[in-house]
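Novice: Quick one: structure below, then a few questions.
What follows draws every value from the coordinates through simple rules; no lab data is involved. Keep in mind that what you see is a predicted model, and the values were worked out from it rather than measured. Please note: Cβ atoms are built from the backbone with ideal geometry, for glycine as well, and neighbour counts cover all protein chains shown.
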Amino acid sequence: MDIEATKAYYAGMSRNSICSCDYCQNLVDEIKSAYPEVAEYLLGLGVDIERPFEVFLPIENDDGYMDYYAVQYLVAGEPDGFEETKIGDISVYVTEIHPDATYKDKYFVIEAGTFHIKCRYDKYKFN
């Protein structure tokens, strides 16, 4: 795992780098404040929780929240030293199923979920 290279990767990303669909933008708006312990853990790996590599389509619930079952993040280097973990109800692990990245060096992808995220009906229109 190369934490410094991972930090550099995320430092080069802006909000415009993230999928512009309402589901992804809703996640970006809410995830850090809803899951500060997970954000802190990921930051220790060099990962910015508000800059997902891939987000699987969430399921909208009747309680005004969505369940994001899988949110993926790119980590530079090899997975040496990475250990699967659980933070509260959120599992974080290496996944083999993900889209190809344009990142030129070695990388692996971690997946986290399930995130229960508030729906921002005031800002987005969900289908």
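Novice: Is at least one residue of region 60-76 among the acidic types (D, E), free of Cβ contacts under 8 Å to residues at least 40 places away in the same chain, loosely packed, with under 14 Cβ neighbours inside 10 Å and farther than 22 Å from Y23 by Cβ?
Specialist: No.
Novice: State all residues of region 43-59 that are surrounded by fewer than 21 Cβ atoms within 10 Å (Cβ to Cβ) and farther than 19 Å from S20 by Cβ; if no residue qualifies, say none.
Specialist: Correct list: L43, G44, L45, I59.
Novice: Follow-up. Please return the ranges of helices (runs of 4 or more DSSP H) entirely within region 1-56 where 2 or more residues are over 23 Å from F82 (Cβ atoms).
Specialist: Per the criteria, 22-34.
Novice: Could we say that E40 is acidic (D, E), within 20 Å of Y93 (Cα to Cα) and over 12 Å from the mean Cα position of the chain (by Cα) here?
Specialist: Answer is yes for this residue.
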